[in-house]
Every structure is written in structure tokens, then in C-alpha cells.
Amino acid sequence: MSTLEIKNLHVSVDTEDGAKEILRGVDLTINSGEIHAIMGPNGSGKSTLAYSIAGHPKYDVTDGEVLLDGQNVLELSVDERARAGLFLAMQYPVEVPGVSVANFLRTAKTAIDGEAPKLRTWVKDVNAALERVTLDPAFAQRSVNEGFSGGEKKRHEIAQLELLNPKFAVLDETDSGLDIDALKVVSDGVNRYSGQGDRGVLLITHYTRILRYIEPDFVHVFVAGRLAETGGRELADELEASGYDKYVKAAAV
Amino acid sequence: MAGAAADAVENLPVLDHVESHLHPEPSYDVAAHPVPTGLEEIWRFTPLKRLRGLLEGAPSDAHLAWEQQLPEGVTLTEISTEEAQALAVSAPLDRLGALAAANAGGAVLLDVPADLVVDEPIRLTLRGTASSDTVWGHVVIRVGLHAKATVLVDHVGSAAYDAFTQVVVSDGAQLDLVTVNDWDDDAVHAEQVNIRVGRDATVRAFEFTLGGDLVRTSTNVDYAGPGGSADLLGVYFADAGQHIEHRLFADHTAPRTRSNVLYKGALQGQDAHTVWIGNVLIRKVAEAIETFEQNDNLVLTDGARADSVPNLEIETGDIAGAGHASTTGRFDDQHLFYLQSRGVPEDEARRLVVHGFFNDIIRRIGIPDVQERLVTAVEHELADV
């Protein structure tokens, strides 16, 4: 049983006009076994929340804490956070030329586990993980994300999620840009991961579509850098019908 | 000995003279290449004082120690300077090339006869035995009609070495030429490699420069007929105080020929200096050719300097493709963030990115032990960061 607690998180970015506050006091607690969906309009700060948890250097945390089982991960480097059990599936996975997927996955797995995976089973595990997200095992020999289609990149993120099996996964718009078949493949992967029972998911999305395949325990509306409303699945249905206008107007007052 | 030229590709048709400061007139006559002042376009990046007197051309009998592994059918013989000059390959384009040919007192000819397909690499190790030696070298590599070979030229040890190398790739032949410049820290190495690509012939020239105080190589390619293809691929790693200069020139002298230049370098340490010059000339006769040249530099520390100059001169309107690109920068933070977000510590992430940067070229070499050696060498260099 693990807990990820986000407390009063304030985050700024540098702009030409000086620091601009993007997150304005986010409070959210996720327990293992739970799926939290965060929904919000463009520019509300959803991705900033995801990247701040992962530790991207572009984002400057000005106040608050992110506690993983009581430890403030904001004091850790990016790789230490990952080794502590956090995973970020990125909206735009990065291409790393010349580094093969196989080498990348083995290096990451070794870093996360603190020891090299057993060679005999590892190759099988990688191939199986790729096949589960309908990527040909030949992808293992290609450079990380280089020349992958948008859908292939997202499926590759989910294959990593399953292989590295972190305590908590933050999925940043993993559903955007996917056709319906790829969306099902990705959703199946998230459900397998979550179905282990002791893993937590923070699912950030702009659309309700993915919630037809992934059943959230909580749905949060994210507007203007903080949570505006929390509910269950019915909140997503309401957003589907009426959109974000109500919340955006309220936040602007 | 007329035989020296028997398998060679034809001489070029008489080409229009092209007035350009980028590529002087070729000549074996040393006097045709004046002593540089250092201001000339082709010399302005080179610290002439560190050439240890090579430009003065003092005679010397010193040699590099040669070791060779020759597969059956491949021969290594000595020929006279005159026989070498009779070969259908461009004459020296600068003073260092002309001096090497004039002072070497003959050339060493590596000959792969027509139709011979050699699977195992031909290995030549050229070892400098004393850094105080001045050594003039003249090497000829000839791959006969429809022959196929991989040649490794491995430079190790130390000397002040100036060489002129002629490479004849006859019609329909295929050559992989892999040159490794793995000198000791105090070596000086100047070399001009002139390659003539026959009709429908293919050459891939790899060049890896790791060691030496000063290395300045010029690789010049032209084409004896249509359909020739040349890939010029290089990797270099400059440490504090090292000057590494690679000059490439693809002279499209025939139609439907292809050139592709890709050099990648990393620099670290105070006054590490690299120079990459990529010249391409597309002559009037060279219709429907394709060329691309690219140089990427990864600057790992402060105090290092990378000069990168692509030049493209076009004299015909009918081109299949022509382009160039040059990048010089530090680590891409996005690469590091992505790898670190998967738990990989920062130093290991950097190592992966640098390996990835170079592997793009290293993986293309057809000699597994050289691949491994270069990967290890890069690893070794990075340990010093």
C-alpha cells in the first residue's frame, strides 16, 4: 500500500515577461489501487502538473510538496524519482538517436531494480511486452522512438510502464492522437497495470473518450492551475455533455 | 611499368576549369603550391606552427613500421613515384600532399585484382616508432574491375607523418576503406586521400580520429564515370589541446553520381579544437547527381571550439538532390530528461546519448572488432569528462 500526496503545489515557469505561475495550489492524494482522471481544458496546467511530479528542470516549484509514502520527491533528481517508483508516460515521447530500445529498456530496468535483469527471461519479457501493445519485437532493435508514428510512441510508453512496473504512473494525454484501435491497446495496457491492485494511476486527459475503456475511481476537473471539482465517473459524463465552460467562467471570477 | 595503371579507371575527360578558392588546381609540382601564410582559405584553420616543420619539406628516410594481413590474391608491393603518378587519380591539391608524394621516394601499392571478392578485411597497421621522426608516406590502394574489398588502415604510435594516398576504385568495384587515427598524444598527422570512383563503383570511406596532437586530413573524391557512389563517414573525439581537422571534397565530375558526407564529433577540455570543411562542387557535366553533407558536433565542456563549414558550388541546373546541414551544440536536455525519467542516472544517460550519437556511424563498419574497439575508445574518452 503506497500513497502519493500532492500538497499545495505551486509551480512557475520562466517567460520573457518573468516568472509565470502555472500551478496555483494543487492538492490531491492518490492511493495505490486507485485510478484518478484529471480532465481540463488546454492551458489549464495539466501537463505542468505531470512534468513537475517527474522533475522536469523547466518547471520551478515555488511552494508545496509531493510525498511518495511520506518522502518529498521534490528533493530528488529526475532519475531518483523514477527509482523511487514514479513513472511519467509522456504526451510527446522523446527520440533518442542511436540508442536501441533494447539497450534503453535494459539500462532502465537495471537502474530501477538495482540489478541487471536475468538475460534468459528478459528478452522474452521485452518481446512479450512489445507484443501486448501490438509492436513488432523488431522495434527492440530500433532507436528509441526514432521514426515511430505517434501511436507507436504511445504504445512504447505503455510497454515501458508494464516492464518497469512503478508504484505510481502519471499518464500525460497518452490518449491524444490515437485512433480507436491504438486507444484500446493503450487502455488494455493501463488496465493490466492497474489490475495488479497495488498500483496507482493519474490519468491526465483532454477527452472523455479513454474513460470508456478505463474505469476511473475519481474524476477531477482541472482549471486555471488547480482542482475545481472532484467527483466520480458521472462528472466525466457531465463534462462530456456540457464541457468546461462552467468551470472556466467560475475560475475567471 | 604500364601494369600499374592497367586496371585503373579511365582518366577524366577534360573538364572546364572552375575558378574557386575552395579547391586549388591539382599538381604534383611542389612549387605549384606556395608555402602558406595561414591566411589562405584552405589553411586558415590550421595551426601551422604545430605541423612540426612538415611544410618545409625537409627530406627524411624514416618510415612507419608496417604490419599487414593480406587475404589470398591481395598483394602489397613497392612502385616508383612515377608509376604512382601515372595512375588515374587526382594529383595533390595542396602543398602537404605534393610534399608527401615528392619526398616519400616511391609508393606502396595495395592491389586487389579485378573480380576478386575478399570477405575478410585487409588490415594494414602503420606504426610511428618515434615522435621525433619526420615520415613521408605515399600509399596507393587499387581495387580492380568488379572487385570487392574492405581495407583497414590503422595509424598508431607517434611521428610527424605526412602522407599522400591515392585510391582507385575501378568500374563496378566496391571498397570499404576504414581509417583509424589512434595516435599517441604527441603525434602530428597530415594526409591527403584522393579517391577516384569508377563507373557504377561504390566506396565507403570511414575515418575515426581519436589521438594525436594535430591531425589534418583531406579526403577528395571525384568520379571517372556515371553511377559512382561515395559515402564519406567520420567520427572524431577531441580532448584538451587537440587539433583535429577533416576536410572533405566531393567533386561531381560525372552525371548520376552520388556523394554522402556525414561526420560526427565530440569535444571536451580546454582548447580542444575541431574543424570540418565540407566542399561539394557540382560541375556542368554532372547532371542528375545527388549529394548531401552533414556535420554534427557535441560540445561536452567549456573551452572547446568546433568550426564547421559546408560549401556547395553548383554549375548545373539539373540536380536530383543537394543539401547540407551542420549542428553544434551541447547535450539535448530532452534526451537526458527522457532517459532519467526512466531511472537512468545522469552520467549514464550522458554516456548513452554520446554512444547513440556515434553509433549511427560506428554500426555501419563491417569489421566487428573495430566496432567494439571504437565503442570502447569512446567509453574511455567519456570516463575523463
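Overview of results
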read-out: Segment B:145-204, residues that are over 17 Å from residue B:215 (Cα atoms) and in contact with a helix residue (DSSP H, G or I) (Cβ under 7 Å, 6 or more places away or on another chain); value: B:152, B:166
read-out: Residue match in segment A:77-85 (condition: within 14 Å of another protein chain (Cβ to nearest Cβ), within 20 Å of the chain's Cα centre (by Cα), in contact (Cβ under 8 Å) with a residue 40 or more places away in the chain and at positive phi); value: yes
read-out: Checklist (1) in contact with a helix residue (DSSP H, G or I) (Cβ under 8 Å, 6 or more places away or on another chain); (2) closer than 22 Å to residue B:216 by Cα applied to residue B:86, failing item; value: (2)
read-out: Options B:342, B:305, B:363; residue that is at pLDDT below 95 and either open to solvent by 70 Å² or more (accessible area, probe 1.4 Å) or within 14 Å of another protein chain (Cβ to nearest Cβ) (or both); value: B:363
read-out: Single residue of B:358, B:337 found to be touching a residue at least 60 places away in the same chain (Cβ under 8 Å) and within 8 Å of another protein chain (Cβ to nearest Cβ); value: B:358
read-out: Residues (more than 15 Å from the chain's Cα centre (by Cα) and either free of Cβ contacts under 8 Å to residues at least 24 places away in the same chain or open to solvent by 10 Å² or more (accessible area, probe 1.4 Å) (or both)) located in segment B:184-202; value: B:184, B:185, B:186, B:199, B:200, B:202
read-out: Filter result (among the aliphatic types (A, V, I, L, M), open to solvent by less than 10 Å² (accessible area, probe 1.4 Å) and within 14 Å of chain B (Cβ to nearest Cβ)) within segment A:9-58; value: A:50, A:53
read-out: Identity of the residue in segment A:40-63, among the polar types (S, T, N, Q) and part of a loop (DSSP other than H, G, I, E, B), that ends up farthest from residue A:7 (Cα to Cα); value: A:42
read-out: Unmet requirement for residue A:180, which otherwise passes all of (1) buried (at least 22 other Cβ atoms within 10 Å of the Cβ); (2) within 25 Å of residue A:36 (Cβ to Cβ); (3) more than 11 Å from chain B (Cβ to nearest Cβ); (4) among the β-branched types (Val, Ile, Thr); value: (1)
read-out: Identity of the residue in segment A:134-160, in contact (Cβ under 8 Å) with a residue 60 or more places away in the chain and in contact with a Ser or Thr (Cβ under 9 Å, 6 or more places away or on another chain), that ends up surrounded by the most Cβ atoms within 10 Å (Cβ to Cβ); value: A:154
read-out: Qualifying residue in segment A:92-111 (condition: more than 27 Å from residue B:358 (Cβ to Cβ) and either more than 10 Å from every other protein chain (Cβ to nearest Cβ) or at pLDDT 95 or above (or both)); value: no
read-out: Among the residues listed as B:313, B:290, the single one being in contact with a Ser or Thr (Cβ under 8 Å, 6 or more places away or on another chain), of a type in the set (Asp, Glu), more than 10 Å from every other protein chain (Cβ to nearest Cβ) and open to solvent by less than 70 Å² (accessible area, probe 1.4 Å); value: B:313
read-out: Qualifying position, being in contact with a strand residue (DSSP E or B) (Cβ under 6 Å, 6 or more places away or on another chain) and either within 22 Å of residue A:31 (Cβ to Cβ) or within 9 Å of another protein chain (Cβ to nearest Cβ) (or both), among A:66, A:61; value: A:66
read-out: Long-range neighbours under 6 Å by Cβ, at least six apart or interchain, first residue within 12 Å of residue A:157 (Cα to Cα) within segment A:171-184, second of a type in the set (Ser, Thr, Tyr) and open to solvent by 20 Å² or more (accessible area, probe 1.4 Å); value: A:172/A:47
read-out: Out of A:111, A:129, A:102, sole residue that is touching a Lys or Arg at 6+ places or on another chain (Cβ under 7 Å) and either part of a helix (DSSP H, G or I) or open to solvent by 30 Å² or more (accessible area, probe 1.4 Å) (or both); value: A:111
read-out: Check on residue B:350, in contact with a helix residue (DSSP H, G or I) (Cβ under 9 Å, 6 or more places away or on another chain), more than 8 Å from chain A (Cβ to nearest Cβ) and open to solvent by 20 Å² or more (accessible area, probe 1.4 Å); value: yes
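Every residue, every condition in (1) more than 22 Å from the chain's Cα centre (by Cα); (2) farther than 30 Å from residue B:225 by Cα, yes or no:
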| site | (1), (2) |
| --- | --- |
| B:290 | no, no |
| B:316 | yes, no |
| B:322 | no, no |
| B:326 | no, no |
| B:336 | yes, yes |
| B:340 | yes, yes |
| B:346 | yes, yes |
| B:353 | yes, yes |
| B:364 | no, no |
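The values are calculated or read from the model by the stated rules, or taken from the named source; none is laboratory data. Quick caveat, the model's predicted, so the values are computed rather than measured. Cβ sites come from the backbone with ideal geometry, for glycine too, and all protein chains shown count toward neighbours. Heads up: the accessible areas ignore ligands, DNA and RNA and are worked out on the full protein's heavy atoms, side chains in. Shrake-Rupley method; radii C 1.70, N 1.55, O 1.52, S 1.80 Å.
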